Amino acid sequence: MYRYDEFDQQLISERVAQFRRQVQRRLDGELTEDQFKPLRLMNGLYLQLHAYMLRVNVPYGCLSAKQLRKLADIARRYDKDFGHFTTRQNIQFNWIKLEDTADILAELGEVEMNTIQSSGNCVRNITADPLAGRAADEIQDPRVWCELLRQYSILNPEFSYLPRKFKFAVTGSPNDRAAVAVHDIGLRLHLNARGDRGFEVIVGGGQGRTPVIGKTIREWIEPEHVISYVEAILRVYNIYGRRDNIYKARIKILVNALGIERFRELVDAEWENIRDGQLKVSNEELARIDAYFKPPAYESLPDLDDELASLRRVDPDFDAWMTSNVAAHKVPGYAIVSLSLKAPGRVPGDMTATTMDGVADLADAYSLGELRVTHRQNLVFVDVKQEDLHTLWEQLTELDLAAANIGRVSDIIACPGLDYCSLANARSIPVAQDIGRHFAAAEKLQEVGELTINISGCMNACGHHHVGNIGILGVDKRGKEFFQLTLGGSSDQNASLGDRLGPGLPQAEVPQAIEKIVDAYINKRQDDERFLDTYRRVGIEPFKQAVYGPVNSKKQVA
Amino acid sequence: MMTLIKNGNVVEDPFIDCTEMHILPKSGALIVSVAQWQDHWEKLVRRPDPIGVQLKSHEHPEIIADDLESLTVIALEFPTFKDGRAYSYARLLRERYGFTGELRAVGEVLPDQIHFMERVGFNSVEIDSDNALADFERATKEFTVWYQPSGDARQRAAELRRGQKQG
């Protein structure tokens, strides 16, 4: 993991001191709420329905056990005993007092964490493949580039008042687990025929009210130029992005308005001026950061296929968990284990302080003291010995983190929804809980296989419904909550936006509708097709008929 | 109270803001709009008094890039503190077009933004505050570590690390 040196630490302390003064000025009435708002937002502090919410960056999803214990401590002392892991690999506290925030920031600083730019119209926390550095299909660990981008973007004086928020995602693998196509800038590493590495730069992707799959602005850029190229994009966006309407202010709107060719011309012209300047990545700085991400010293261990197979034969629950929650590690004798925060009936992404402490202990005992947060709101232990898998499974079961549903129908992404959020039209969490309970049976989950469900409580799409294999969008119709379904979305290397299935359904009918869709898929699937494959082959019609029936589909009210 | 701070000191503004006037004063140091500059530049450059141009946030400084030698001041307007275009314009004026005169931030400038303005090349700001100098000094002394280059002479963290390693 990256560790702060004295310069990083100094900057964080100065930022905390600055925010402490700003809060005091607000409390003294020297700053109006209007003047204070951008300052608090750029420190991750939102005013929500009932209280302040504080969003803490988890840089590219990497956490140490020590940091998680500090988060538990903060949850216990400053919040109502829990935190919420988000789709941007961050954690949020929902019940924060303004008076406490500077102290919380100072405590976070002690464990090398911060909230800088976790909100506001600026570059947000950079997200990455949660398996970075461990995935067998990886070209290079993307975290070194994420850290360079993090440092480049933190308190960047030119780009702290952009037209709108700005999100980066980086992947070092051909199999995209970071959803780079639905970010303002997505970076994807490739290898060329000579074995050189280069980035494909994707721009103008995004979700929200206007979902767009990003366009490739550049097929290939040498890694040493990636920061200057990013600066050229940011500058063009800062100057030409719309500022008259916040719903038209994201870079995707600018790219669509100009067309990708014209946008590329502007960026390339800008880049020519700066490409060989100070932003060229020095080998020295690269090597310094890279050293932090060196793989740990693994023990020389055998793969335990036979032992695990016999354990799986006697225990179907362990078997189901192994199937869906454990992935292959590139080092023999090790495994990658996902912790499901989606046990039936749970609030997706929520975790109590006690559980956080328990997870930190397990990370210390079984995964070299580190863990990852995924954009699907789960956690991952990336360095587990195969010999520990059964014990770890038992202990995760006690913490209710061993639901065998990773990537399955009940592994649901959900935004906080109307229970917390002032923008929402509908509650997302109860819908996720209903579906989770409906599909609680392990056999059913395994039978259905890989299928993502994403739920957003309003068109702002924080729950990523556009790119869920099944997307669920909460809408308000004459004061009542309805839920619109979309099918066929995906955020992987073949990203696509979901197609609307039909009229919205009341909450009570959603789980049955999902079941009908799932049954229709099982009916239609060939061989080992995933839901998405079948959908892409047969189209939306069979699913429409399954949910709305062949005749009266036009008579639905909502 | 509107106060002008230039190079760290409170100063009297020698310039007359003419951007809203229909007829330009016959003499004195003037700040004019882009339209006024384009209409009257031949007359203005022949006068002995210094001249400045104020750009609105949709006016790219490229439009005056050829005129920089005639200008003592370029004022960039922040119509609201949220409009960050002028941060990019400031960098372009300093680093690309080579403007060395007074670069002034005007409009809705919050004291907490002054540090960023200083970093991108502004050397004067007009702020509405009763404690302008105190605000300015606080804002410009809050940070001693910077990660990215922005055209100012500050050493970045990466450079300091290198120096430390060599020293």
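Miscellaneous remarks
- Of all residues in the stretch A:25-58, those satisfying the criterion of being open to solvent by 30 Å² or more (accessible area, probe 1.4 Å), modelled with pLDDT under 95 and not in a loop (DSSP other than H, G, I, E, B) are A:26, A:27, A:33, A:34, A:35, A:37, A:46, A:47, A:52.
- For the stretch B:148-159, a residue qualifies if it is more than 7 Å from every other protein chain (Cβ to nearest Cβ) and outside any loop (DSSP other than H, G, I, E, B), and exactly one does: B:159.
- Boolean, residue A:188 is buried (at least 23 other Cβ atoms within 10 Å of the Cβ), assigned by TED's automatic domain parsing to the domain that holds residue A:172 and either within 24 Å of residue A:122 (Cβ to Cβ) or not aliphatic (A, V, I, L, M) (or both): yes
- In the stretch A:315-349, residue farthest from the chain's Cα centre (by Cα) [restricted to those that are in a helix (DSSP H, G or I), surrounded by 17 or more Cβ atoms within 10 Å (Cβ to Cβ) and not charged (D, E, K, R)]: A:318
- When residue A:489 is tested against the conditions (1) of a type in the set (Gly, Ala, Ser); (2) crowded, with 22+ Cβ neighbours inside 10 Å; (3) touching a Lys or Arg at 6+ places or on another chain (Cβ under 9 Å); (4) modelled with pLDDT of 95 or more, the lone failure is (3).
- Single match in A:201, A:267, A:170, A:182 (criterion: on the phi < 0 side of the Ramachandran plot, crowded, with 21+ Cβ neighbours inside 10 Å and touching a Cys at 6+ places or on another chain (Cβ under 6 Å)): A:170
- Pick from the stretch A:2-12, criterion in contact (Cβ under 8 Å) with a residue 12 or more places away in the chain and surrounded by 15 or more Cβ atoms within 10 Å (Cβ to Cβ), ranking: farthest from the other protein chains (Cβ to nearest Cβ): A:2
- Some residue of the stretch A:467-482 being more than 30 Å from residue A:46 (Cα to Cα) and outside the structural domain of residue A:212 (by TED's automatic domain parsing): yes
- In the set (1) more than 14 Å from chain B (Cβ to nearest Cβ); (2) open to solvent by 20 Å² or more (accessible area, probe 1.4 Å); (3) under 17 Å from residue A:105 (Cβ atoms); (4) polar (S, T, N, Q), residue A:67 fails one condition alone, (2).
- Qualifying position, being modelled with pLDDT of 95 or more, surrounded by 14 or more Cβ atoms within 10 Å (Cβ to Cβ), under 18 Å from residue A:407 (Cβ atoms) and more than 28 Å from the chain's Cα centre (by Cα), among A:536, A:525, A:530: A:525
- Being touching a Ser or Thr at 6+ places or on another chain (Cβ under 8 Å), buried (at least 16 other Cβ atoms within 10 Å of the Cβ), more than 10 Å from every other protein chain (Cβ to nearest Cβ) and outside any helix (DSSP H, G or I) is a condition met by at least one residue of the stretch B:75-92.
- Among the conditions (1) surrounded by fewer than 16 Cβ atoms within 10 Å (Cβ to Cβ); (2) farther than 20 Å from residue A:243 by Cα, residue B:99 misses just one, which is (1).
- Consider the stretch A:114-163 and keep the residues that are over 20 Å from residue A:227 (Cα atoms) and among the charged types (D, E, K, R). The one that is farthest from the other protein chains (Cβ to nearest Cβ) is A:137.
- Hey, residue A:77 farther than 30 Å from residue B:141 by Cα and of a type outside the set (Val, Ile, Thr) or not: yes
- Pick from the stretch A:270-302, criterion in a helix (DSSP H, G or I) and away from chain B (no Cβ under 12 Å), ranking: least open to solvent (accessible area, probe 1.4 Å): A:271
- Conditions (1) within 18 Å of the chain's Cα centre (by Cα); (2) crowded, with 19+ Cβ neighbours inside 10 Å; (3) part of a loop (DSSP other than H, G, I, E, B); number of the one not met by residue B:145: (1)
The values are calculated or read from the model by the stated rules, or taken from the named source; none is laboratory data. Quick caveat: nothing in here was measured; it's all calculated off a predicted structure. Please note: Cβ atoms are built from the backbone with ideal geometry, for glycine as well, and neighbour counts cover all protein chains shown. Keep in mind that these areas ignore ligands, DNA and RNA; they rest on the heavy atoms of the full protein, side chains included. Shrake-Rupley method; radii C 1.70, N 1.55, O 1.52, S 1.80 Å.
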